[in-house]
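A.B. asks: One structure coming up, written as structure tokens, with questions to follow.
The values are calculated or read from the model by the stated rules, or taken from the named source; none is laboratory data. In this text the structure is predicted, and so the values were computed from the model without any measurement. Quick reminder, even Gly has a Cβ in these numbers, built from the backbone with ideal geometry, and neighbours come from all protein chains shown.
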Amino acid sequence: MVEAISPYNRVLELPWVMGAWSVDSTAGLAKLSTEIARQSILIGYTNAWLLYTLAAAAWLPLCMLARLPRAHPKPLVMSGLGGS
């Protein structure tokens, strides 16, 4: 969105395109800056979520190959049955 915001962009002169945003006033620039910051934060969260998802998906095959050690049953010890 930042690349399209310029005083030389003729589309930004159309009132139905810009709405409450304006590049001519300080208040309009503040609203526009807030919107750009909000969208960049959302893009950052989306990119981080995608990275976490891909990292988890990459580890899934390794996790499926890992096995828990089998518990070996303990042998019964018979004590006191007539041994010497």
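A.B. asks: Identify all residues within region 15-39 that are assigned to a loop (DSSP other than H, G, I, E, B) and of a type outside the set (Gly, Ala, Ser); write none if there are none.
C.D. replies: Across region 15-39, the qualifying residues are Trp21, Val23, Asp24.
A.B. asks: Ala55: among the small types (Gly, Ala, Ser), outside any loop (DSSP other than H, G, I, E, B) and surrounded by 10 or more Cβ atoms within 10 Å (Cβ to Cβ), yes or no?
C.D. replies: Details: among the small types (Gly, Ala, Ser): yes; outside any loop (DSSP other than H, G, I, E, B): yes; surrounded by 10 or more Cβ atoms within 10 Å (Cβ to Cβ): no.
No; evaluated as a whole, the condition is false for this residue.
A.B. asks: Just checking, does region 66-82 include any residue being exposed (fewer than 10 other Cβ atoms within 10 Å of the Cβ) and part of a helix (DSSP H, G or I)?
C.D. replies: Just the residues of region 66-82 that are exposed (fewer than 10 other Cβ atoms within 10 Å of the Cβ), to begin with: 66-82.
From what is left, the residues that are part of a helix (DSSP H, G or I) are none.
Looking through region 66-82, none of the residues is exposed (fewer than 10 other Cβ atoms within 10 Å of the Cβ) and part of a helix (DSSP H, G or I).
A.B. asks: Enumerate the pairs (first residue in region 43-69 and more than 30 Å from Val2 (Cα to Cα); second residue anywhere and at pLDDT 95 or above) with beta-carbon separation below 7 Å, excluding pairs fewer than 6 apart on the same chain, so at least 6 apart or on different chains.
C.D. replies: Close Cβ pairs satisfying both conditions: none exist.
A.B. asks: Is there a residue being surrounded by 10 or more Cβ atoms within 10 Å (Cβ to Cβ), at pLDDT 75 or above, part of a loop (DSSP other than H, G, I, E, B) and of a type in the set (A, V, I, L, M) anywhere in region 3-14?
C.D. replies: yes
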